[in-house]
Amino acid sequence: MNYSHDNHLYFYGGVHPDDSKKLSACEPIKDAPLLEKYTVIVGQNIGAPPKVIVKKGDIVKKGQKIAEASAFVSANLHSPTSGTVSAITEIIGVFGAIVPAIEITSDGKDEACESTKIEPSKASPEELLAKIADAGLVGMGGAAFPTVVKLSPPKAKKIDTLIINGAECEPYLTADYRLMLESPDKVLRGVAIFAKILGVNRIIIGVEANKPDAIENLRKSHLLNEYGIEVKSLRVRYPQGAEKQLIYALTGRKVPSGGLPMDVACVVQNIGTSFAAYEAVYEGKTLYERVTTITGSRVVKPGNWRLRIGTPISKAIELCGGIKGDVAKIVAGGPMMGLAQISLDTTIMKSSSGILLLGNEEIIQYRNQPCIRCGNCVDVCPMELLPGPLSVYIENERFDLAEKEFVMDCMECGSCAYVCPSKRPLVQHFKRAKAEIIAKRKSQQLSQKAK
Amino acid sequence: MTELKENLKMPEQEKLVASVSPHIHSGVSIRKVMLLVIISLLPATFAGILFFGLPALKVIVLSVLFCVFIEWAWCRIDGRTDDWKDFSAVLTGLLLALNLSANVPWWICPIGAFLAIGIGKQLYGGIGYNPFNPALVARVGLLIGFPKIMTTWMPSLNMRDSSHPLHKLIYDVDATTCATPLGVVKTAVSKPDTVQNVFHSLCNFDAYLAYLKGDMPGCIGETSVIALLLGGVLLIALRLIKWQVPIAFIATVAAISGLVNYFSPNTTPGPIFHILTGGLILGAFFMATDMVTSPMTTKGAVIFGIGCGLITSLIRIWGGYPEGVSFSILIMNALTPLIDKFTLRKPFGFRYNENKV
């Protein structure tokens, strides 16, 4: 379908998969019933995992801090309900590796711990920032980068624009869409908190044009003028919600290769994160639950649920009435960048935007046939790389050549693999090369230090 | 605490696939790509059969069968049992046939198939690894090995009619062979007295119409400009080829022949003649655009096309052969890695003064 949009700057390439959002788009956000047990993964954020500050047998309240940020790039963790810490344990995390986790057995009362609310118009930016840090906010679009770090750029970097990512360009996901539809004012107030902390005048919310009702809803709000927020509809094209592509589409600025949004005076936050900021500041609520889309052809009743952190995937699937047919893949996140899961006991994290259940006929069957140099990947790579030849270098373990031809600029959006007729696992090659190159750089730094 | 429903069907954990993202695919495959290219070659194939009759059909069938057989056998010996099913050998066989004259002896087909699939493709490791267009390797190999056979052309069926504008190309009434327009030009330019007469007989409206239809001597698939353009437009519309290659190729040939004809009318006919005759259209749309052997970037495609046009014009106007499309594409195939290296594009947000190259 064609939607009109009002950005005129198109990033290069991209793909347009069927968005499959209708499965869950009309389902209002529902609160999940309380579970007997939650297993909260420690280390849900990019950066250092927080330090566990509870021990077995401790009594905790809902929203109480159970692990504390251990470094600048780290985030607090909070209990999803009231009850007892029944174990400090280990489970299989979303990346497939075994990760530490805190098991909390619910007492059924779901008592919230004491919290303080702040009136943002009276609070200083520092107070607001401290509140957001305290609430353990991370980027909820999927990367889970601690929000407080993004909101405190180095003094040398002047920030003039705050961009809110409402693109939700991943197919299937509708969590941000529902938030914009159901609680536009809360989202906008959250956005205004970020703007106040950063001291910016220009605030743009970018929403993909395939969500016209969400755009309409935001535009109708009286808060728009009050806070000076622009809402722009964006061309429907994956990966429109990728940070660099979004900034380009909305401001025409190009984040330098290897750079960050702050290098072009921008900060990007996600809709879900803005909503969480509202809750943290206005309601004194820490980040222990989030909206997750549970969907896919194999789910009996797809929907959008407010799930507590630490909810096992199996329980999330139960909420949606179980499965129909055979499930070949469970994906945490969207189908383009999400992570395939190997355990149903893995739990919901702050970054879990979706749980996707796909059948065998829908999923990609990687074959790694030779690259036939058709150039499809070259046409779609939004970072303007040459994925095909890069993957050939990496197959031959020529990471030096891959680095020279900019593999480090790859953001792993998966557009190339989506259109590859040889069904090459291109993203796997690039992830591998990036890991190898980072490891090499680290060892070089170490050896230089030793000298 | 709310009771969750019992007896729900849950996924079986041990059956879960855990592969890297993305998890969905557009559905494109090598086989589909090859099939679409074959389909876009069908108009030219039918035109060839229409104008050259059953001998053309025989050559096409034999070429395709032998190419598939050699691909199948080679892949089997090599242990890659499934590779031959991707239709690429069918495409190579079809392209090889379209690059042969309809009157070649049958045994040219297996030799050509071996040159194309064996020497041109599988020797390098199969699909994706061949540096040269396999069908052209075969054509040029055959041209060098069997020069007489490969430069003997069959007149199109309608040319026997004396009212046909190209009727004079047939050597005599009973002859089964004739010269191609490009061949006639090549011999005519050495005789300054008659050259303009010859040019005139080949460059008039009726002759152009015959070239457009494909009603002229030549390889089976190269003659019908209209049929080739139909397929070429389909290829461009389906985004299977970069339009920059054929456009740059044809434009370069037109520009050079136009210039040479303008300043020295006795050296070569004008650009329309050069575009409509010989293998230019077939080469530009279907051979030069071969994915494996042409550059991947747009900039590279333009350079590649211009290079092909340049070499084709040089050979056609001053070279020893009447036609230079095959050679030009093969030479540019060899230069493709170099073009790729020099047209390496810079990533999004790359800044020359900040990022080291």
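For this structure, a couple of remarks:
- Value of [θ]222 nm, deg cm²/dmol, for chain B, DSSP H segments ≥ 4, -39500 (n - 2.57) each, nearest 500: -16500 deg cm²/dmol
- Applying both filters, DSSP loop and at most 14 other Cβ atoms within 10 Å, to the chymotrypsin sites (Phe, Trp or Tyr not before Pro) of the range B:269-357 gives B:Tyr352.
- Label point distance in nm, A:Ile46-A:Ala435, each placed 7 Å from Cα along Cα→Cβ: 1.8 nm
- Per residue convex hull volume, Cα atoms of chain A, in Å³: 149 Å³
- With contributions of -39500 (n - 2.57) from each DSSP H run of at least four residues, the per-residue ellipticity at 222 nm computed over chain A stands at -8500 deg cm²/dmol.
- A:Ala450 paired with B:Lys299, simple spin-label distance in nm, labels 7 Å along Cα-to-beta-carbon: 4.1 nm
- Structure remark: mean-square fluctuation, Gaussian network model of chain B, C-alpha springs under 10 Å; the largest value among B:Thr194, B:Thr268, B:Thr152 belongs to B:Thr194.
- Selection of trypsin sites (Lys or Arg not before Pro), the range A:133-216, meeting DSSP coil and at most 12 other Cβ within 10 Å: A:Lys155, A:Lys158
- Among beta bridges identified by DSSP and lying wholly in chain A, the antiparallel ones come to about 60 percent.
- Each Lys or Arg adds one and each Asp or Glu subtracts one; over the other residues with Cβ under 12 Å from the Cβ of A:Gly83, this totals -1.
- Rounded to 10°, Cα long-axis angle of helix B:88-98 versus longest principal axis of chain B: 10 degrees
- Alpha-carbon centroids, the range B:122-146 and the range A:181-242: separation in whole Å: 58 Å
- Of the chymotrypsin sites (Phe, Trp or Tyr not before Pro) found in the range B:80-159, those that fall in a DSSP loop while having at most 13 other beta-carbon atoms within 10 Å are B:Trp106, B:Trp107.
- Helix B:298-318 and the long axis of chain B differ in direction by around 20°, with both axes built from C-alpha atoms.
- Where labels lie 7 Å past Cα in the beta-carbon direction, separation of A:Ile342 and B:Ile226 in nm: 6.3 nm
- Net charge, B:Leu65 excluded, C-beta distance under 13 Å - Lys, Arg +1, Asp, Glu -1: 0
- Counted without the sites themselves, the longest stretch of chain B free of GluC sites (Glu not before Pro) in a DSSP loop having at most 12 other beta carbon atoms within 10 Å is B:13-353.
- Rg over Rh, two decimals, the range A:138-178 (C-alpha only, Kirkwood Rh): 1.06
- Straight-distance crosslink candidates among lysines, where the alpha carbon sits under 26 Å from B:Lys85 and sequence neighbours closer than 8 are dropped: A:Lys423, B:Lys32, B:Lys58, B:Lys121, B:Lys242
- With q set to 0.10, 0.12, 0.13, 0.16 Å⁻¹, the log10 of I(q)/I(0) for the range B:157-342, from the Debye formula over equal scatterers at the Cα positions, is -0.40, -0.57, -0.66, -0.96.
- Spatially near lysine pairs across the range A:152-264, Cα under 24 Å, sequence gap of 8 or more or different chains: 24
- Each distinct pair of alpha carbons in the range A:253-298 adds a 1/r term; the inverse of their mean, the Kirkwood radius, is 13.5 Å.
- For A:His8, B:His23, B:His164, A:His16, the sequence from fewest to most other C-beta atoms within 10 Å is A:His8, A:His16, B:His164, B:His23.
- Based on alpha-carbon atoms, the Kirkwood radius and the radius of gyration of the protein assembly as shown give Rg/Rh equal to 1.09.
- Order of B:Leu230, A:Leu426, A:Leu181 - criterion: other Cβ atoms within 10 Å of each residue's Cβ, fewest first: B:Leu230, A:Leu181, A:Leu426
- Residues A:Thr105, A:Thr292, A:Thr89, A:Thr161, arranged from fewest to most other Cβ atoms within 10 angstrom of their Cβ, appear as A:Thr89, A:Thr105, A:Thr161, A:Thr292.
- Relative to the longest principal axis of the Cα atoms of chain B, the long axis of helix B:54-78 lies at roughly 40 degrees.
- Here A:Lys51 is the anchor, and the aspartates and glutamates within straight C-alpha reach of less than 18 Å, apart from those fewer than 8 places off in the same chain, are A:Glu68, A:Glu90, A:Glu103, A:Asp134.
All of the numbers you see were taken from the coordinates with simple rules; none came from a lab. Values in this document were obtained by computation on a predicted structure and should not be read as measured data. All Cβ positions, glycine included, derive from the backbone under ideal geometry; neighbour counts span all protein chains shown.
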